[in-house]
Amino acid sequence: MSRLADLQVVLGPYPSGRTGSVLDVPGCGLGHATVRRDEEPPPVGRGIARTGVTVLDPGGDLFTSPVPMGGAILNGAGECTGFITGQEWGLAESPIFLTSTMQLGRVYDAACELLMEEQPAIGSDDVIIPIVAECDDSFLNDTRRMQVTRDDVRAALAEARASAGGTRFAEGAVGAGTGMSCLGYKGGIGTASRVLPDGHTVGVLTMTNFGERGRLTVAGVPAGRLLPDPTAPGEPIAPPAGSCIVVVLTDAPLDSAACRRLAKRAGLGLARTGSTAHHASGEIFLALATGLRVPRGTAPAHAPLGGRALDPYFAAVVDATEEAVLNSLLQAETVTGRDGNTSHALPAGELAKLLG
């Protein structure tokens, strides 16, 4: 399976980091737990599962040393716990957990338990609201069953912790992206990075589950209208309104106000790929910055970047978001799920010919 860079496509003026992923941001980790089952319906079995959990960990103890955070909503038909508190305080106090809509409560409960195991002060000195965001994978996944377990959340968090500083990461139909569809093809998890002239890095993680095939655009080419239809006549297709979560992470010295401004730019990256933010879709964006990280309850000692100094960061977020969406498509294989519904892989070979 290809990534966008393998097709010799370059988006924007800034280079990618060493891995072209959020792992390029120092201290960041990314982990997944993929849940795939083909069992009889209850009470005999647990039905068809095409779902999972993905965790992005900025690194360190986020309870004792939270990081500046800001968020933005392009269309709000979705959920992200911790979003309101993050907007009010301008801080992220937990890793970012991604999952499917109907599993959000389970992942939230497990996140609370796991983070309390790691940090005894949680629930004693103060409480936290873990950040858990979701997209609807019901086209492929049996969402009437609670498919995700605490052990799945533990596994994804442990993998994220272990991956920091490494070079290996998974994209496409993995973790929370297992059951997602995007722009008429199989979507899921995608990531990209940019290194800015000042030496700081911007990483982007996307969970893509939005849009219709005719609007798919790759580096300005209307690929969705030019590629052959992968579905057979009468075959069900995923609805265009299924949501997209974008998480931006940087090691730059940005405060929460700057993070909110970065988060907004993710919508421009989605639009480049073909998103129109459908009525029933949840486009929810978060941005976190580790460069002004300080102990809980204290103020940063250094002034944050602001004003025109943010312009390169805005451009990096737009370009990396666009690339991350396309990587989620290029890295995802064809998946068949509940009721025989199939989300087809984007044909990388045919796309390469279009891009010429």
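The values are calculated or read from the model by the stated rules, or taken from the named source; none is laboratory data. These figures come from a predicted structure and were not determined experimentally. Glycine gets a Cβ as well: all are built from the backbone with ideal geometry, and neighbour counts include every protein chain shown. These area figures cover heavy atoms from the full protein model, side chains too; ligands, DNA and RNA do not enter into them. Shrake-Rupley method; radii C 1.70, N 1.55, O 1.52, S 1.80 Å.
So, of the residues in the range 237-268 that are open to solvent by less than 70 Å² (accessible area, probe 1.4 Å) and more than 30 Å from residue 24 (Cα to Cα), which turns out to be modelled with the highest pLDDT?
Applying the first criterion (open to solvent by less than 70 Å² (accessible area, probe 1.4 Å)) to the range 237-268 yields 238, 240-259, 262-263, 265-267.
From what's left, more than 30 Å from residue 24 (Cα to Cα): 238, 240-241.
Numbers: 238: 95, 240: 91, 241: 88.
Only one residue tops the list, namely 238.
Answer yes if at least one residue in the range 209-216 is among the basic types (Lys, Arg), buried (at least 22 other Cβ atoms within 10 Å of the Cβ) and closer than 25 Å to residue 78 by Cβ, and no otherwise. If you could, list the steps in order and put the result at the bottom.
Let us first name the residues in the range 209-216 that are among the basic types (Lys, Arg), namely 213, 215.
Retained after the next criterion (residues that are buried (at least 22 other Cβ atoms within 10 Å of the Cβ)): 213.
From what's left, closer than 25 Å to residue 78 by Cβ: 213.
The answer is yes; a qualifying residue exists.
Residues checked against (1) in contact with a Cys (Cβ under 6 Å, 6 or more places away or on another chain); (2) assigned to a loop (DSSP other than H, G, I, E, B); (3) open to solvent by less than 10 Å² (accessible area, probe 1.4 Å); (4) of a type in the set (Ser, Thr, Tyr):
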site	(1), (2), (3), (4)
293	no, yes, no, no
296	no, yes, no, no
299	no, yes, no, no
312	no, no, no, no
326	no, no, yes, no
339	no, no, no, no
351	no, no, yes, no
Given (1) charged (D, E, K, R); (2) under 20 Å from residue 62 (Cα atoms); (3) not in a helix (DSSP H, G or I), number of the condition residue 154 does not satisfy: (3)
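Any idea which of 60, 45 is touching a residue at least 24 places away in the same chain (Cβ under 8 Å), out of contact with any strand residue (DSSP E or B) (no Cβ under 7 Å at 6 or more places or on another chain) and among the small types (Gly, Ala, Ser)?
Numbers: 45 fails: touching a residue at least 24 places away in the same chain (Cβ under 8 Å).
Result: 60 is the single residue among 60, 45 that is touching a residue at least 24 places away in the same chain (Cβ under 8 Å), out of contact with any strand residue (DSSP E or B) (no Cβ under 7 Å at 6 or more places or on another chain) and among the small types (Gly, Ala, Ser).
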Lone qualifier among 154, 213, 150, 194 - being under 17 Å from residue 345 (Cβ atoms), touching a helix residue (DSSP H, G or I) at 6+ places or on another chain (Cβ under 7 Å) and of a type in the set (D, E, K, R): 213
Out of (1) of a type outside the set (Val, Ile, Thr); (2) within 27 Å of residue 240 (Cβ to Cβ); (3) modelled with pLDDT of 95 or more, what's the single condition that is false for residue 89? (2)
Considering only the range 100-118, I want to know if a residue exists there that is open to solvent by less than 50 Å² (accessible area, probe 1.4 Å), within 22 Å of residue 246 (Cβ to Cβ) and over 19 Å from the mean Cα position of the chain (by Cα). no
Out of the residues in the range 90-99 meeting the condition of being surrounded by 20 or more Cβ atoms within 10 Å (Cβ to Cβ) and among the small types (Gly, Ala, Ser), tell me which one is nearest to residue 163 (Cα to Cα). 94
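Select from the range 90-124 the residues that are in a loop (DSSP other than H, G, I, E, B), under 24 Å from residue 259 (Cα atoms) and of a type outside the set (Asp, Glu) and list them in ascending order.
Going residue by residue through the range 90-124, those that are in a loop (DSSP other than H, G, I, E, B) are 90, 93-95, 119-121, 123-124.
Keeping just the survivors that are under 24 Å from residue 259 (Cα atoms) gives 90, 93-95.
Hits for the range 90-124 are 90, 94, 95.
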Selection within the range 125-146 - modelled with pLDDT under 95 and polar (S, T, N, Q): 143
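A quick yes/no check of all residues on (1) within 19 Å of the chain's Cα centre (by Cα); (2) among the acidic types (Asp, Glu):
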site	(1), (2)
319	yes, yes
323	yes, yes
329	yes, no
332	yes, no
337	no, no
340	no, no
347	no, no
352	no, no
355	no, no
Only one of 68, 95, 26, 58 is over 21 Å from residue 158 (Cβ atoms) and not charged (D, E, K, R); which? 68
Checking residue 304 against (1) closer than 23 Å to residue 81 by Cβ; (2) part of a loop (DSSP other than H, G, I, E, B); (3) touching a helix residue (DSSP H, G or I) at 6+ places or on another chain (Cβ under 9 Å): exactly one of these is not met. Which one? (1)
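Within the range 170-208, work out how many residues are aromatic (Phe, Trp, Tyr) and surrounded by fewer than 22 Cβ atoms within 10 Å (Cβ to Cβ). Walk me through how you get there before you give the answer.
Of the residues in the range 170-208, the ones aromatic (Phe, Trp, Tyr) are 185.
Now narrow it down to the ones that are surrounded by fewer than 22 Cβ atoms within 10 Å (Cβ to Cβ): none.
Result for the range 170-208: 0.
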